[in-house]
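J.: Following this message is one structure expressed as structure tokens.
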Amino acid sequence: MTSCPECEADVPVDNDLETGEIILCEECGAELEVISEDPLKLALAPDEEEDWGE
Amino acid sequence: MTSCPECEADVPVDNDLETGEIILCEECGAELEVISEDPLKLALAPDEEEDWGE
Amino acid sequence: MLVVKVGGGEGIPIDAVCQDVRDLTQQGERLILVHGASHETNVLSEALGKPPRFVTSVSGMQSRYTDRETLMLFCMAYVGKLNKLFVERLQQLGVNAVGLCGADGRSMEGTRKAAIKVVEDGKRRVLRDDFTGRVERVNMGLLTLLLDNGYTPVLCPPALSYESEIINVDGDRAAAVLAVACKAETLVMLSNVPGLLRDLDDTDSLVRCVERDQLDAAMDIAQGRMKKKVMGAREALEGGVGTVILGDARLEQPIRRALQGCGTVLR
Amino acid sequence: MLVVKVGGGEGIPIDAVCQDVRDLTQQGERLILVHGASHETNVLSEALGKPPRFVTSVSGMQSRYTDRETLMLFCMAYVGKLNKLFVERLQQLGVNAVGLCGADGRSMEGTRKAAIKVVEDGKRRVLRDDFTGRVERVNMGLLTLLLDNGYTPVLCPPALSYESEIINVDGDRAAAVLAVACKAETLVMLSNVPGLLRDLDDTDSLVRCVERDQLDAAMDIAQGRMKKKVMGAREALEGGVGTVILGDARLEQPIRRALQGCGTVLR
């Protein structure tokens, strides 16, 4: 369990989370990025940039 | 046996000659290049260009 | 002023394109050639045991995951091989070509995406070491300098981020931004298909003409790479380019045929 | 006018060289950088399962056997990777670099050797599909155009034959021909050794200075790659270049140190 950096609600996390993965905060719906696994740290995921790729 | 393109002397050749190989005419000393193996064709080898390579 | 973009798919008709460029430049046309090399990059990546990894963004766009190592392979295929094959062939035809990628003289600059959000094996993920972005600025000074002195610029990705990092960019969009910057009358985009097809499997379903108000409809029809070409065409038209033609690179005299309206003409 | 050649051996100090180029150009020095990439080419060839094949000419010179396929690997390593790494780093330091190989704008042209005579496994042989040659002509118009407009040219092999074929050429000699064409006061040649050593294994045996009449003696001492550098230096001096310095690329501020006389100074 960890807390949402946006609304501080508890965020249930399973332990095979990988760095970079995105999870949703059920409470406020924010998209959270796993910044580090151990210790587990979450941050607001960057918003969607207009994307063309190559 | 084939003949030297320069001095027409006979040139003994062994049969494992490969295209591009250089042999010497015993008679006139010219450097001869194997142009084709079958039929065997010889021609005067290009002279040595000043060489730096890379 | 004419900008010609040649797609990077398999079997790029280098000779046919270069013959047309020679004819057009000899007739006094100011021309810039842009080319891709995606197929060549895939072949090189496979051969080096680092098969290309494509990721799909949350908005459904597919792109090559380009970490630093992939970026080097990308540069080797685009700039080292394809660009110089074009330059060599053009020189043989008497066109004094100068090959440049976006890093050279900051000819193509833009924003590097700090991170991209992708979906992989069902998981949503943020990738941060991806060197991709988009072209926003063109160094017209350099290109004009070359054109005015009788040189024909041959451009290709990568571009350069504002922080001066080499970045993988979409070639179709780069061509559109370039065409606008050059105030080109015409942008020709050649690829391995006849043009915009209503039905991918039916070459007779070619959309011959798209007027400005039909652009949205065209966007809906277009899929995959063609979608990016139509997006590029729209950006070019909105930027002041008179005509964009999506032509077939496999035809004889492909640029000439496109200029005669063979393919999809958008204006 | 200063021409700096950086050797293509392993561990090229790209950053150190680029910092010096930034400092020198900011002080108003007109400068052209030339670089090799022989190590990078070997690594790429091995990785692609086509290990480099070196042949020894009848006159004892070793060179890379460069058939068309090898030539493409050569271009990918030299132009695609190394050249753009230099350009990228220079752009990051505020130097507006433009990378060119000899095919671009025919910046470096010369004769392709129709055939080379080699000794392999004891057999003398003529190789005809070898794309090698030497640089004889430089397009000063293009280089001056770039320099006059604030760009720093970063050149590398390959060159272009008069028949417009891409050819593998010796970088040291190309730098010498370039220095003469540019009427450079100084040509700095950096590589992974302190300079011309009397005894390869003794770094204290550095020859500090070679006057014009000691050139033959220097030629006798020099071996392998260093022999080509001394040959290049001689051609440069005979062509009017004031000073040639064979410096150590591994030093901090390698160009600056060379200009201060650190290495072998020939004049």
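The values are calculated or read from the model by the stated rules, or taken from the named source; none is laboratory data. The shown structure was predicted, so the numbers you read here are calculated from the model rather than taken from an experiment. Because the Cβ atoms are built from the backbone with ideal geometry, glycine has one as well, and the counts that use them run over all protein chains shown.
J.: Looking at (1) more than 10 Å from chain C (Cβ to nearest Cβ); (2) modelled with pLDDT of 95 or more, can you tell me which one D:Gly122 breaks?
T.: Failing condition for D:Gly122: (2).
J.: Now for a separate question. Out of (1) part of a loop (DSSP other than H, G, I, E, B); (2) within 12 Å of chain A (Cβ to nearest Cβ); (3) surrounded by fewer than 19 Cβ atoms within 10 Å (Cβ to Cβ), what's the single condition that is false for C:Thr66?
T.: Looking at each condition in turn, C:Thr66 falls short on (3).
J.: Let me ask you something else. For D:Gly133, which of the numbered conditions (1) out of contact with any Asp or Glu (no Cβ under 7 Å at 6 or more places or on another chain); (2) modelled with pLDDT of 95 or more fails to hold?
T.: Only one criterion is unmet by D:Gly133, namely (2).
J.: Restricting attention to the range C:92-113, does a residue exist that is part of a loop (DSSP other than H, G, I, E, B), within 18 Å of the chain's Cα centre (by Cα) and surrounded by fewer than 24 Cβ atoms within 10 Å (Cβ to Cβ)?
T.: Looking through the range C:92-113, none of the residues is part of a loop (DSSP other than H, G, I, E, B), within 18 Å of the chain's Cα centre (by Cα) and surrounded by fewer than 24 Cβ atoms within 10 Å (Cβ to Cβ).
J.: With the condition kept exactly as written, say whether any residue in the range D:236-247 is on the phi > 0 side of the Ramachandran plot, out of contact with any Lys or Arg (no Cβ under 6 Å at 6 or more places or on another chain) and not charged (D, E, K, R).
T.: Yes; the residues of the range D:236-247 include at least one that is on the phi > 0 side of the Ramachandran plot, out of contact with any Lys or Arg (no Cβ under 6 Å at 6 or more places or on another chain) and not charged (D, E, K, R).
J.: Additional query: Quick one: would you say D:Val207 is farther than 29 Å from D:Tyr65 by Cβ and away from chain C (no Cβ under 14 Å)?
T.: In short, yes.
J.: So, of the residues in the range C:117-135 that are buried (at least 17 other Cβ atoms within 10 Å of the Cβ) and of a type outside the set (A, V, I, L, M), which turns out to be farthest from C:Leu71 (Cα to Cα)?
T.: Filtering the range C:117-135 for residues that are buried (at least 17 other Cβ atoms within 10 Å of the Cβ) and of a type outside the set (A, V, I, L, M), the one farthest from C:Leu71 (Cα to Cα) comes out as C:Arg124.
J.: While we're on this one: Run down D:Glu10, D:Glu88 and say which single residue is among the acidic types (Asp, Glu), assigned to a loop (DSSP other than H, G, I, E, B) and either under 15 Å from the mean Cα position of the chain (by Cα) or more than 18 Å from D:Ala159 (Cβ to Cβ) (or both).
T.: It is D:Glu10.
J.: Separate question: Restricting the search to the range D:125-147, which residues are over 21 Å from D:Ala97 (Cβ atoms) and not β-branched (Val, Ile, Thr)?
T.: The answer is D:Arg125, D:Leu127, D:Arg128, D:Asp129, D:Asp130, D:Phe131, D:Gly133, D:Arg134, D:Glu136, D:Arg137.
J.: Regarding D:Gly141, is this residue closer than 29 Å to C:Asn139 by Cα, surrounded by fewer than 24 Cβ atoms within 10 Å (Cβ to Cβ) and either of a type outside the set (Val, Ile, Thr) or modelled with pLDDT of 95 or more (or both)?
T.: In short, yes.
J.: Moving on. From the list D:Glu69, D:Glu46, D:Glu109, pick out the single residue that is of a type outside the set (Ser, Thr, Tyr) and under 28 Å from D:Ala16 (Cβ atoms).
T.: D:Glu46
J.: How many of the residues in the range D:28-60 are within 14 Å of chain B (Cβ to nearest Cβ) and outside any helix (DSSP H, G or I)?
T.: The total comes to 13.
J.: Could you check how many residues of the range D:184-194 are buried (at least 20 other Cβ atoms within 10 Å of the Cβ) and under 15 Å from the mean Cα position of the chain (by Cα)?
T.: 7
J.: Going through the range D:248-267 one residue at a time, which ones are assigned to a helix (DSSP H, G or I) and of a type outside the set (A, V, I, L, M, F, W, C)?
T.: Listed by number, the residues that qualify are D:Pro254, D:Arg256, D:Arg257.
For (1) assigned to a helix (DSSP H, G or I); (2) hydrophobic (A, V, I, L, M, F, W, C); (3) under 21 Å from D:Gly242 (Cβ atoms), each residue gets a yes or a no:
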position	(1), (2), (3)
D:Gly141	yes, no, no
D:Pro153	no, no, yes
D:Ser164	no, no, no
D:Ala176	yes, yes, yes
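J.: Output the number of residues of the range C:178-194 satisfying the condition of being of a type in the set (S, T, N, Q) and either facing chain D (nearest Cβ under 10 Å) or part of a loop (DSSP other than H, G, I, E, B) (or both).
T.: 1
J.: Now a separate question. How many residues does the range C:231-267 hold that are crowded, with 24+ Cβ neighbours inside 10 Å and at pLDDT below 95?
T.: Counting residues in the range C:231-267 that are crowded, with 24+ Cβ neighbours inside 10 Å and at pLDDT below 95 gives 1.
J.: Here's a check for you: in the range D:210-230, which residue that is within 21 Å of the chain's Cα centre (by Cα), hydrophobic (A, V, I, L, M, F, W, C) and not in a loop (DSSP other than H, G, I, E, B) is surrounded by the most Cβ atoms within 10 Å (Cβ to Cβ)?
T.: Applying the filter and picking the extreme gives D:Val230.
J.: Pairs needed: first member in the range B:13-31, within 13 Å of chain D (Cβ to nearest Cβ); second member anywhere, assigned to a loop (DSSP other than H, G, I, E, B) and aliphatic (A, V, I, L, M); C-beta distance under 7 Å; at least 6 residues apart or different chains.
T.: B:Ile22/B:Ala45; B:Ile23/B:Val13; B:Glu31/B:Ala45
J.: Considering only residues that are basic (Lys, Arg) and within 14 Å of chain A (Cβ to nearest Cβ), look in the range C:125-171 and name the one that is farthest from the chain's Cα centre (by Cα).
T.: C:Arg125
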